[in-house]
1. On alpha-carbon atoms, Rg over Rh for the chain using Kirkwood Rh?
2. Determine the dipole magnitude for the chain: charges of +1 sit on the beta-carbon of Lys and Arg, -1 on that of Asp and Glu, nothing else is charged, the reference point is the Cα centre, and the result goes in debye to the nearest 20.
3. Report the local net charge at Leu35: Lys and Arg +1, Asp and Glu -1, summed over other residues whose C-beta lies under 11 Å from its C-beta.
4. Want the number for Asp44 to Ala31: 0.36 nm per residue separation, take away the alpha-carbon distance, what's left?
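A short reminder: the numbers here are calculations on the coordinates, not readings from a lab. A quick note: this is a predicted structure, and the numbers were derived from the prediction, not measured. Ideal geometry is used to build each Cβ from the backbone, glycine not excepted, and the neighbour counts take in all protein chains shown.
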Amino acid sequence: MYKCERCDWTGSASELGHYTEYRGECHGAPAWETLPCCPECGYDVEDIEEE
């Protein structure tokens, strides 16, 4: 279960949006990382446990 740090959206991993962020170079080639984000507002999400 994930929760948005901005708009308080909650949902499962299959509902997450994703964005790609440049991380520099690795052995002379550009390195990119795909990160999860809120599908509603595009902000960071955190992994939460159901209580």
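1. Rg/Rh: 1.12.
2. Working: 3 positive and 13 negative charges, 66 e Å.
For this selection, approximately 320 debye.
3. Combined, the nearby Lys, Arg, Asp and Glu give -2.
4. Gain on stretching Asp44 to Ala31: 2.6 nm.
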